[in-house]
Amino acid sequence: QDGNNDNKFAICRSQLYVQGICCPTEVTMVTNILYKTSKSGVQNVRINITSRIVYIDHDPYNVIIQTLAERLNEEGFGAHVKKDGGSKEAIRQITQYCLSIVCRVGDRYYDIPDHGVCAIITLTYYMNTFIGF
């Protein structure tokens with residue numbers, strides 16, 4: 001999915017193993033397919049022909065690595081995910097966000113060691129206040 005995420009910290013590096021890469025011609029084809037699949041999500045592509053590893057710097061909020069592998073497979077390249085850097089980035093971003101708001105309810109701050117309970121309190125507060133549940 002393409003989107004407009006301006007968070008420069010969301011860029012991660014993933015790896016695909018691509019069986020169908022054996023020469024510079026395939027390097028150009030693979031690179032073009034990856035950039036065209038997600039115009040705003042793929043930032044950089046590097047390919048090691050010898051190991052058949054494709055290194056992709058991408059925004060996991062705009063494009064997931066599995067989507068890129070599937071697109072290459074549609075073209076017959078035999079790609080599979082070797083490393084999903086987006087999963088770690090997503091966890092880091094969510095953790096950072098949750099830790100910054102998890103113990104704030106309205107104008108009050110709570111020091112509750114169980115972040116799960118605090119997150120539920122925060123979510124419930126915002127749902128009641130802003131959405132009307």
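The values are calculated or read from the model by the stated rules, or taken from the named source; none is laboratory data. For clarity, every value in this text was computed on a predicted model and none was experimentally measured. We place every Cβ from the backbone using ideal geometry, glycine too, and count neighbours over all the protein chains shown. Note: areas computed on protein heavy atoms with side chains; ligands, DNA, RNA excluded. Shrake-Rupley method; radii C 1.70, N 1.55, O 1.52, S 1.80 Å.
Take SER100 and decide whether it is open to solvent by less than 70 Å² (accessible area, probe 1.4 Å), out of contact with any strand residue (DSSP E or B) (no Cβ under 8 Å at 6 or more places or on another chain) and modelled with pLDDT under 85. Against the criterion (open to solvent by less than 70 Å² (accessible area, probe 1.4 Å), out of contact with any strand residue (DSSP E or B) (no Cβ under 8 Å at 6 or more places or on another chain) and modelled with pLDDT under 85), SER100 does not qualify. Scanning region 1-16 for residues that are open to solvent by less than 90 Å² (accessible area, probe 1.4 Å), at pLDDT 75 or above and in contact with a Gly (Cβ under 7 Å, 6 or more places away or on another chain) yields CYS12, SER14.
Of the residues making up region 17-27, those that are outside any helix (DSSP H, G or I) and surrounded by fewer than 15 Cβ atoms within 10 Å (Cβ to Cβ) number 3. Once region 56-85 is narrowed to residues that are open to solvent by 60 Å² or more (accessible area, probe 1.4 Å) and not in a helix (DSSP H, G or I), the residue that is modelled with the lowest pLDDT is TYR61.
Pairs are defined by a Cβ separation below 6 Å, a sequence spacing of at least 6 or placement on different chains, a first member in region 28-48 that is open to solvent by less than 60 Å² (accessible area, probe 1.4 Å), and a second member that is among the aliphatic types (A, V, I, L, M) and part of a strand (DSSP E or B); the pairs so defined are THR31/VAL45; LEU34/VAL42; LEU34/VAL45; VAL45/ILE56; ILE47/VAL54.
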